[in-house]
Amino acid sequence: NKEFVFTLKNGKRLVSLLNGNKIHINGIPYIITSVHDITNRKIAEKEIWESKELYYSILNASPDNITIADLEGNILMVSPAGKTMFGYSQDVDDTKLGLGILDFLIPQDRERAKKKHEEMFKGKNPGPSEYTGLRLDKSTFFIEVNTNFIFDKEGKPAKMIFSIRDISERKQTKKKIEHLIKQLETERN
């Protein structure tokens with residue numbers, strides 16, 4: 001089996017798989033060859049590779065955590081930012097984490113998150129939600145989560161994608177502003 005590129009008279013390039021076998025008929029050796037056009041397969045493989053490269057480039061470039069889970073919430077992939085955000089080593093195998101998406105929330109937030117997911121399955125867009133995240137070392141921080149489906153070629157939900165942002169600084173700033181407003185109101189009275 002060997003791949004060859006043929007150029008046709010019209011200039012079109014044809015990628016082919018050439019197979020050759022030696023057989024004997026009445027003691028006389030013959031070589032039988034077959035040529036299979038694999039041009040479309042090679043184009044599809046290239047498109048898949050480019051799509052995958054684009055996908056991983058986006059995941060690696062995002063400062064936010066991008067996590068992909070199956071429809072039950074079992075984690076399939078976590079972006080490098082996500083591993084850092086939740087205190088995991090970059091070399092940890094995503095699928096070997098053995099965790100579900102809810103394991104990254106404090107127990108008090110898990111039921112609310114489940115309800116948001118149920119809304120998604122009913123066709124509603126739950127929008128961003130704020131939760132308290134739970135790191136590997138059990139420390140907590142504030143996160144904003146956006147969730148959507150990844151659809152299969154028939155348009156049915158196949159996986160879920162979570163975009164998770166650390167909003168701890170934003171929450172602290174909001175708290176400081178609220179405190180300053182209260183202080184100003186107290187001084188005015």
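Derivation of every value follows stated rules applied to the coordinates shown; laboratory data play no part. What you see is a predicted model, and the numbers here were worked out from it, not measured in a lab. Cβ: placed from backbone, ideal geometry, glycine included. Neighbour counts: every protein chain shown.
Choose one answer from S89, S129, S163: the residue with the largest mean-square fluctuation in a GNM of the chain with alpha-carbon springs under 10 Å.
S89
Evaluate the Kirkwood expression for the hydrodynamic radius of the range 56-142, namely the inverse of the mean inverse distance over all pairs of different C-alpha atoms, and round to one decimal in Å.
Working: mean 1/r = 0.0729 Å⁻¹.
Hydrodynamic radius (Kirkwood, Cα pairs) of the range 56-142 is 13.7 Å.
Between R41 and Y55, what is 0.36 nm times their sequence separation minus the Cα-Cα distance? Round to one decimal in nm. Walk me through the numbers on the way to the answer.
On the way: separation 14, 0.36 × 14 = 5.04 nm, distance 2.07 nm.
Gain in length upon complete extension: 3.0 nm.
Enumerate the amide H contacts of A158 below 5 Å, restricted to partners 5 or more residues apart or on another chain; note that Pro and chain-start residues carry no placed amide H.
I150, F151, D152
For the chain, modelled as a Gaussian network with Cα springs under 10 Å, which listed residue fluctuates most, I143, I32, I58?
Between I143, I32, I58, it is I32 that shows the largest mean-square fluctuation.
Quick one: if the Förster radius is 41 Å, what FRET efficiency do D70 and E185 give, using the C-beta to C-beta distance and rounding to 0.05? Mind showing how you got there, number by number?
Numbers: r = 50 Å, r/R0 = 1.22.
My answer for the efficiency is 0.25.
If I histogram all Cα-Cα distances within the range 1-124 using bins 10 Å wide from 0, what percent of pairs lands in each bin?
Bin by bin from 0 Å, the calculated values are 10, 23, 20, 14, 15, 11, 5, 1, 0.
Quote to one decimal, in nm, the extra length available between N21 and V5 on full extension: 0.36 nm per residue of separation minus the C-alpha distance between them. Walk me through the numbers before you get to the answer.
On the way: separation 16, 0.36 × 16 = 5.76 nm, distance 2.01 nm.
The span from N21 to V5 would gain 3.8 nm if fully extended.
Report the dimensions of the range 43-189 along its three principal axes from the alpha-carbon atoms, largest first, rounded to Å.
Here the spans come out as 73, 36, 28 Å, largest first.
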